[in-house]
Amino acid sequence: MTDVPRSHPRYESLRTRDAIVAGVQKGITSPHGLIAHGRGEAYDYLLGEKSHDFALAAIDAAAHMLIHARHPVVSVNGNVAALVPDELVELADTLDAPLEVNIFHSSKEREEAIRQFLEEHGAKRLLMPSRDAELDFIDSNRKFVHPQGIYRADVIFVPLEDGDRCQALRKMGKAVVTVDLNPMSRTSRTASITIVDNVVRSLPLLIARIRELRASAPEQPGAEFDNARNLAAAERAIRAESR
Ligand code: ATP
């Protein structure tokens, strides 16, 4: 982003936008991902582009849930791969969990491009969708999963998820932790824990919280977390911020 100075008030937002555009150019992100990103930007703008207390509360609950999971998996789509590749690898390493590629718009080339990109960023355990395992309750390409990954996972971290698959995962009895700037999306409402924050800001916070918990008392349960209440707080913040 050579022509935008760091002092520009929208520097971070523009830098993130550049990362998504670069993702499309590299064949990692689908052109549809640009639209999803635009929706995210709009909500982030309304949230004042900061991590609110409700996001920190969800991050804390998510960290507890993920460190207590038996088979946690980090699901990766084209947007998150383009935005936070290093953090995805770091999160998976910290949790000793695999990364699994799972994209909405079916494309073998794009799945391969994501795999290669994440490997360049240091990914070691990387699972790909397979024809050997299918999720119930869903018809799209996203039903194809890896038998040792999402299929057997008890907790799935899946940022920027779509509502259908989130619902399917929940119906299969799996816990879902998502990151979604829109507290009203079906994903936000269906997930077990929704972090209403930009994935670019929240992933480093989640990794740091997991490390902190690991270093202290991992057997302690987290504070009670009510996703619906937390989403209501996010919605109130949007209304207050935009008044
Ligand atoms: P749903 O099916 O859950 O109702 P949707 O169809 O509205 O979702 P999608 O296009 O599937 O939305 O996914 C994009 C979602 O990701 C949007 O809710 C958008 O706000 C959110 N999003 C986009 N970019 C980011 C980001 N950088 N960080 C967090 N959330 C984001």
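The values are calculated or read from the model by the stated rules, or taken from the named source; none is laboratory data. Nothing here was measured: the structure is a model prediction, and the numbers come from that model. Reconstructed Cβ throughout: ideal geometry from the backbone, glycine too, with neighbour counts over all protein chains shown. Accessible surface is based on the protein model in full, side chains and every heavy atom, while ligands, DNA and RNA are left aside. Shrake-Rupley method; radii C 1.70, N 1.55, O 1.52, S 1.80 Å.
Of (1) assigned to a helix (DSSP H, G or I); (2) at pLDDT below 95; (3) in contact with a helix residue (DSSP H, G or I) (Cβ under 7 Å, 6 or more places away or on another chain), residue 12 satisfies all except one. Which?
Single failed check for residue 12: (3).
Please go through (1) surrounded by fewer than 23 Cβ atoms within 10 Å (Cβ to Cβ); (2) part of a loop (DSSP other than H, G, I, E, B); (3) in contact with a Phe, Trp or Tyr (Cβ under 8 Å, 6 or more places away or on another chain) for residue 32 and return the number of the only condition it doesn't satisfy.
(2)
Taking interchain pairs and intrachain pairs at least six residues apart, which have beta carbon atoms under 7 angstrom, with the first residue in the range 50-67 and among the acidic types (Asp, Glu) and part of a helix (DSSP H, G or I) and the second open to solvent by 10 Å² or more (accessible area, probe 1.4 Å) and modelled with pLDDT of 95 or more?
Short answer, once both residue conditions are applied: 60/209.
Any residue in the range 2-17 that is touching a residue at least 12 places away in the same chain (Cβ under 8 Å), farther than 18 Å from residue 234 by Cβ and crowded, with 19+ Cβ neighbours inside 10 Å? Show your work before the answer.
Taking the range 2-17 and keeping what is touching a residue at least 12 places away in the same chain (Cβ under 8 Å), we get 12-17.
Still in the running and farther than 18 Å from residue 234 by Cβ: 12-17.
Filter once more, keeping what is crowded, with 19+ Cβ neighbours inside 10 Å: 16.
Scanning the range 2-17 turns up at least one residue that is touching a residue at least 12 places away in the same chain (Cβ under 8 Å), farther than 18 Å from residue 234 by Cβ and crowded, with 19+ Cβ neighbours inside 10 Å.
Cβ-Cβ distance below 7 Å, separation of 6 or more or different chains: which pairs start in the range 132-152 with a residue that is assigned to a loop (DSSP other than H, G, I, E, B) and end on one that is of a type in the set (Phe, Trp, Tyr)?
From the range 132-152, the pairs are 140/104.
Restricting the search to the range 36-69, which residues are open to solvent by 50 Å² or more (accessible area, probe 1.4 Å) and closer than 22 Å to residue 96 by Cβ?
65, 68
What is the number of the single condition among (1) crowded, with 22+ Cβ neighbours inside 10 Å; (2) under 16 Å from the mean Cα position of the chain (by Cα) that residue 129 does not meet?
(2)
Go through the range 197-209 residue by residue and tally those that are open to solvent by less than 20 Å² (accessible area, probe 1.4 Å) and near the ligand (Cβ under 8 Å from one of its atoms). Don't jump to the end; show me each part of the working.
As a first pass, look at the range 197-209 and keep what is open to solvent by less than 20 Å² (accessible area, probe 1.4 Å): 197, 199, 202-203, 206-207.
Those still in the list that are near the ligand (Cβ under 8 Å from one of its atoms) too: 197, 199, 202.
The qualifying residues number 3.
Which one is surrounded by the fewest Cβ atoms within 10 Å (Cβ to Cβ), of the residues in the range 184-195 that are among the polar types (S, T, N, Q) and outside any strand (DSSP E or B)? Full working, then the answer.
Going through the range 184-195, the residues among the polar types (S, T, N, Q) turn out to be 185, 187-188, 190, 192, 194.
In the following step, the residues that additionally are outside any strand (DSSP E or B) were identified as 185, 187-188, 190, 192.
Numbers: 185: 22, 187: 22, 188: 25, 190: 21, 192: 19.
Taking the candidates together, the pick is 192.
Within the range 225-233, identify whether any single residue is over 22 Å from residue 76 (Cβ atoms) and not in a helix (DSSP H, G or I), and answer yes or no. Please lay out each step first, then the result.
The initial filter retains those residues of the range 225-233 that are over 22 Å from residue 76 (Cβ atoms), namely 225-233.
With the extra rule that they be not in a helix (DSSP H, G or I), the set shrinks to 225-226.
Yes.
Criterion first (closer than 23 Å to residue 129 by Cβ and either within 10 Å of the ligand (Cβ to nearest atom) or at pLDDT below 95 (or both)) does residue 28 satisfy it?
Working: closer than 23 Å to residue 129 by Cβ: yes; either within 10 Å of the ligand (Cβ to nearest atom) or at pLDDT below 95 (or both): no.
It is false that residue 28 is closer than 23 Å to residue 129 by Cβ and either within 10 Å of the ligand (Cβ to nearest atom) or at pLDDT below 95 (or both).
Could you pull out the residue among 181, 206, 160 that is out of contact with any Leu (no Cβ under 6 Å at 6 or more places or on another chain) and part of a helix (DSSP H, G or I)? I'd like the intermediate steps shown before the answer.
On the way: 181 fails: part of a helix (DSSP H, G or I); 160 fails: part of a helix (DSSP H, G or I).
Among 181, 206, 160, only 206 is out of contact with any Leu (no Cβ under 6 Å at 6 or more places or on another chain) and part of a helix (DSSP H, G or I).
If I ask for residues that are farther than 20 Å from residue 84 by Cα, more than 7 Å from the ligand (Cβ to nearest atom) and under 16 Å from the mean Cα position of the chain (by Cα), which ones from the range 156-169 would you list? Can you show your working first?
To start, the set of residues in the range 156-169 that are farther than 20 Å from residue 84 by Cα comprises 163-169.
Still in the list and also more than 7 Å from the ligand (Cβ to nearest atom): 165, 167-169.
Within the range 156-169, 165, 167, 169 qualify.
Just to be sure before I move on: is residue 56 within 16 Å of the ligand (Cβ to nearest atom) and closer than 22 Å to residue 212 by Cβ in the structure I sent? Can you show your working first?
On the way: within 16 Å of the ligand (Cβ to nearest atom): yes; closer than 22 Å to residue 212 by Cβ: yes.
For residue 56, the condition - within 16 Å of the ligand (Cβ to nearest atom) and closer than 22 Å to residue 212 by Cβ - is met.
Out of curiosity, is residue 115 in contact (Cβ under 8 Å) with a residue 12 or more places away in the chain, in a helix (DSSP H, G or I) and away from the ligand (no atom under 15 Å from the Cβ)? Let's see the steps before the verdict.
Values: in contact (Cβ under 8 Å) with a residue 12 or more places away in the chain: yes; in a helix (DSSP H, G or I): yes; away from the ligand (no atom under 15 Å from the Cβ): yes.
Yes; evaluated as a whole, the condition is true for this residue.
Counting only residues that are free of Cβ contacts under 8 Å to residues at least 40 places away in the same chain and either under 16 Å from residue 105 (Cβ atoms) or near the ligand (Cβ under 7 Å from one of its atoms) (or both), how many does the range 31-40 have? I'd like the intermediate steps shown before the answer.
Residues of the range 31-40 free of Cβ contacts under 8 Å to residues at least 40 places away in the same chain: 31, 34-35, 38.
Still in the running and either under 16 Å from residue 105 (Cβ atoms) or near the ligand (Cβ under 7 Å from one of its atoms) (or both): 31, 34-35.
Here the count works out to 3.
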